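The values are calculated or read from the model by the stated rules, or taken from the named source; none is laboratory data. These numbers come from a predicted model, not from an experiment. Methodologically, a virtual Cβ is constructed for each residue, glycine included, from the backbone with ideal geometry; neighbour enumeration extends over all protein chains shown.
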Amino acid sequence: MSSTQRPVIRHTGWREQTAVLHGDSGLSTDAAVVAPIHYSATFRADTPEQFAQMATTPRSAGFYTRYGNPVNKRVEAILAELEGTETALLTGSGMGAISTTILALVSAGDHVIAQKRHYMSTSKLFAEVLPRYGVEVSFFDQTDLHELETLIRPNTRLVMLETPVNPTLTITDLRGVAALAQAHGILTLADNTFASPLNQTPHALGIDIVLHSATKYLGGHSDIMAGAICCSTVLAEKIWAMHVTLGAVLSPMDAWLLLRGLRTLSLRVERINSNALALATWLEQHPDIEAVFYPGLPSHPQHALACQQMSGFGAVIAYSIRGGYAATSRFISALQLATHAVSLGGVETLVVHTAAMWSGSMDEAQMQAAGIEPNFVRMSVGVEHLEDLKADLAQALKALKT
């Protein structure tokens with residue numbers, strides 16, 4: 001085993017399809033088949049000694065819900081199982097997970113390296129927030145490990161990754177970055193939201209901390225906001241201390257909905273992967289489509305790398321409509337089955353005109369730097385019947401001719 005290949009920690013030994021259903025079974029407190037919702041902000045102690053223990057135990061599930069909650073523990077056990085880490089920690093959103101983690105691990109005078117392309121709010125954290133607190137950030141092309149190496153300094157503390165990246169689906173070499181960072185004693189963080197732990201496990205490739213917007217695949221039904229941090233117990237306790245201070249807490253109800261969503265994760269991702277690859281292949285052959293970007297296609301410039309580090313290629317397809325911005329707007333408006341809405345990884349197919357969505361927070365130069373063309377569409381494929389999705393896309397493209 002190389003220095004960048006870590007074992008996937010399987011606490012139960014079950015495969016992922018079983019782990020999503022039973023990975024939390026050891027945490028059951030009663031005979032209920034379905035986990036109960038512990039909808040309480042605070043928990044009773046029977047003695048002063050017990051209260052002291054509850055109050056001083058990191059991540060206690062039975063003291064105060066900002067510190068932890070029994071249903072959160074069940075979700076965290078499953079996520080750690082899926083990502084192959086020692087433990088996991090839930091937050092109130094994906095950005096809550098990212099911000100809490102980074103603020104817990106850096107201080108004034110530290111240096112952070114991040115990709116040039118990230119989810120928009122992540123980019124704002126690096127470009128606008130961290131510099132205000134004396135943390136310097138450098139940016140590298142995620143396809144260029146040499147550029148990353150040239151940016152490393154003695155005070156570099158973190159390297160932040162996202163792969164596939166939003167919205168262009170460019171791939172980062174997780175194993176290569178992990179090896180480089182480990183050689184310099186630098187922690188690595190990877191946003192695994194676009195892949196899901198069923199399609200990619202960055203920790204097995206050497207990444208220290210794996211982050212998710214659990215709003216997406218993990219919840220799967222577009223009805224919650226949640227975040228997840230998967231890492232070692234030592235790092236989790238350090239991040240948890242910041243989490244308690246910042247208070248980006250996931251409510252017991254949302255944690256329970258996330259648990260329920262996880263039960264069907266393997267079924268949903270299998271169908272989504274199949275639908276997305278078939279649609280990407282179909283779109284690539286359509287005369288009104290200029291280009292298709294999907295890691296599962298042989299035409300993707302990093303297809304070989306994607307095949308090395310991903311077992312499936314996920315829901316998101318990006319493609320360009322012939323005819324520019326106006327034609328793309330008409331196409332989006334003509335769709336009848338695909339829903340015009342943000343987010344991804346849910347049971348329903350969602351589509352956005354990327355340039356229109358981000359025009360309010362990015363100028364034209366920033367969008368070009370992020371690879372967002374005026375005719376760019378981002379589609380998150382759901383679990384609908386494939387032929388119905390094809391028919392919807394076909395009629396919307398046909399509408400451009402009228």
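Which is under 23 Å from the mean Cα position of the chain (by Cα), without any contact (Cβ under 8 Å) to a residue 40 or more places away in the chain and buried (at least 16 other Cβ atoms within 10 Å of the Cβ), of VAL342, VAL352?
Among VAL342, VAL352, only VAL352 is under 23 Å from the mean Cα position of the chain (by Cα), without any contact (Cβ under 8 Å) to a residue 40 or more places away in the chain and buried (at least 16 other Cβ atoms within 10 Å of the Cβ).
Among the residues of the range 269-296, write down those that are surrounded by 17 or more Cβ atoms within 10 Å (Cβ to Cβ) and within 23 Å of ALA77 (Cβ to Cβ).
Of everything in the range 269-296, just one residue is surrounded by 17 or more Cβ atoms within 10 Å (Cβ to Cβ) and within 23 Å of ALA77 (Cβ to Cβ), namely VAL269.
Based on this model, can you work out whether ALA241 counts as farther than 27 Å from GLY314 by Cα, touching a Pro at 6+ places or on another chain (Cβ under 8 Å) and of a type in the set (A, V, I, L, M, F, W, C)?
Taking the combined requirement at face value, the residue satisfies it.
It is to be established whether one or more residues within the range 181-192 are touching a Lys or Arg at 6+ places or on another chain (Cβ under 8 Å) and touching a residue at least 12 places away in the same chain (Cβ under 8 Å).
yes
Restricting the search to the range 161-181, which residues are surrounded by fewer than 20 Cβ atoms within 10 Å (Cβ to Cβ) and in contact with a strand residue (DSSP E or B) (Cβ under 8 Å, 6 or more places away or on another chain)?
THR168
Tell me, yes or no, whether the range 131-150 has at least one residue that is assigned to a strand (DSSP E or B), touching a strand residue (DSSP E or B) at 6+ places or on another chain (Cβ under 7 Å), within 26 Å of ALA280 (Cβ to Cβ) and among the polar types (S, T, N, Q).
No, the conditions are met nowhere in the range 131-150.
Could you grab the pairs with beta carbons closer than 6 Å, sequence gap of 6+ or different chains, first residue in the range 389-402 and modelled with pLDDT of 95 or more, second one assigned to a loop (DSSP other than H, G, I, E, B) and among the acidic types (Asp, Glu)?
Short answer, once both residue conditions are applied: LEU397/ASP288.
Condition check ((1) among the hydrophobic types (A, V, I, L, M, F, W, C); (2) under 17 Å from GLN309 (Cβ atoms); (3) in the same structural domain as LEU297 (by TED's automatic domain parsing); (4) modelled with pLDDT of 95 or more) across all residues:
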| residue | (1), (2), (3), (4) |
| --- | --- |
| ASP141 | no, no, no, yes |
| HIS146 | no, no, no, yes |
| LEU151 | yes, no, no, yes |
| ARG157 | no, no, no, yes |
| THR163 | no, yes, no, yes |
| PRO167 | no, no, no, no |
| ALA178 | yes, yes, no, yes |
| GLY185 | no, no, no, yes |
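Only one of SER299, SER266 is under 17 Å from SER196 (Cβ atoms) and surrounded by fewer than 20 Cβ atoms within 10 Å (Cβ to Cβ). Can you tell me which?
Answer to the check: SER266.
Please verify whether the range 319-340 includes one or more residues that are of a type in the set (A, V, I, L, M, F, W, C), within 30 Å of THR101 (Cβ to Cβ) and either modelled with pLDDT under 95 or not in a loop (DSSP other than H, G, I, E, B) (or both).
So far as the range 319-340 goes, no, none of its residues is of a type in the set (A, V, I, L, M, F, W, C), within 30 Å of THR101 (Cβ to Cβ) and either modelled with pLDDT under 95 or not in a loop (DSSP other than H, G, I, E, B) (or both).
Hand me the list of helices (runs of 4 or more DSSP H) wholly inside the range 1-106 holding 2 or more residues that are buried (at least 19 other Cβ atoms within 10 Å of the Cβ).
Output list reads 16-22, 70-83, 94-105.
Give me the pairs, please: first residue somewhere in the range 12-30 and farther than 12 Å from ALA80 by Cβ, second residue anywhere and aromatic (Phe, Trp, Tyr), beta-carbon distance under 9 Å, and either six or more positions apart or on two chains.
Note: pairs meeting the criteria are LEU21/TRP14; HIS22/TRP14.
Just the residues that are touching a residue at least 12 places away in the same chain (Cβ under 8 Å) and assigned to a helix (DSSP H, G or I), please, taken from the range 282-307.
Within the range 282-307, TRP282, LEU283, GLU284, LEU305, ALA306 meet the criteria.
Output the residue which, of all residues in the range 204-235 that are in contact with a Lys or Arg (Cβ under 8 Å, 6 or more places away or on another chain) and part of a helix (DSSP H, G or I), is surrounded by the fewest Cβ atoms within 10 Å (Cβ to Cβ).
Of everything passing the filter in the range 204-235, ALA204 is surrounded by the fewest Cβ atoms within 10 Å (Cβ to Cβ).
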